[in-house]
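Here is the structure we will look at, set down as C-alpha cells.
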Amino acid sequence: MMWGYADGWSWLWMTAMMVLFWGGIIALAVFAFRSFTGSKSNDQALDVLRRRFASGEITQDEFEKTRKALQG
C-alpha cells in the first residue's frame, strides 16, 4: 500500500518542506546567536567616542554633540 503517495512527486514536496523546516531552524539559531553575542554598530561607535573623550582627544561639548548625533 502506498497510503496516498502514488503520484511519484511526493518525495519532492517532502524534501522541499524538510529543507524549509531545517533552513528556518538554522536561520533562527543564527539570528538568536547574533542578537545575543554580537554588538551593535552604534555601540561600537559610542565605545570609540568614549575612548576618545577619556583620552582627551575631544572636549565634553564635542562628546555630547556627537553622542546625541549617534543616538538619533
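Read the figures in this text as sums done on the coordinates, not as results from a lab. As the structure is a computational prediction, the values presented were derived from the model and not from experiment. As a convention, Cβ positions derive from the backbone with ideal geometry for all residues, glycine included, and neighbour counts pool all protein chains shown.
Here is how the numbers come out for the structure above:
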{"read-out": "Length gained when the stretch Thr15-Phe33 is fully extended (0.36 nm per residue, less Cα-Cα span)", "value": "3.8 nm"}
{"read-out": "Integer Hz, Karplus 6.51/-1.76/1.60 couplings in order for the stretch 47-56, x for Gly and Pro", "value": "4, 5, 4, 5, 5, 5, 5, 5, 7, x"}
{"read-out": "Residue order, fewest to most surrounding Cβ atoms within 10 angstrom, among Phe63, Phe31", "value": "Phe31, Phe63"}
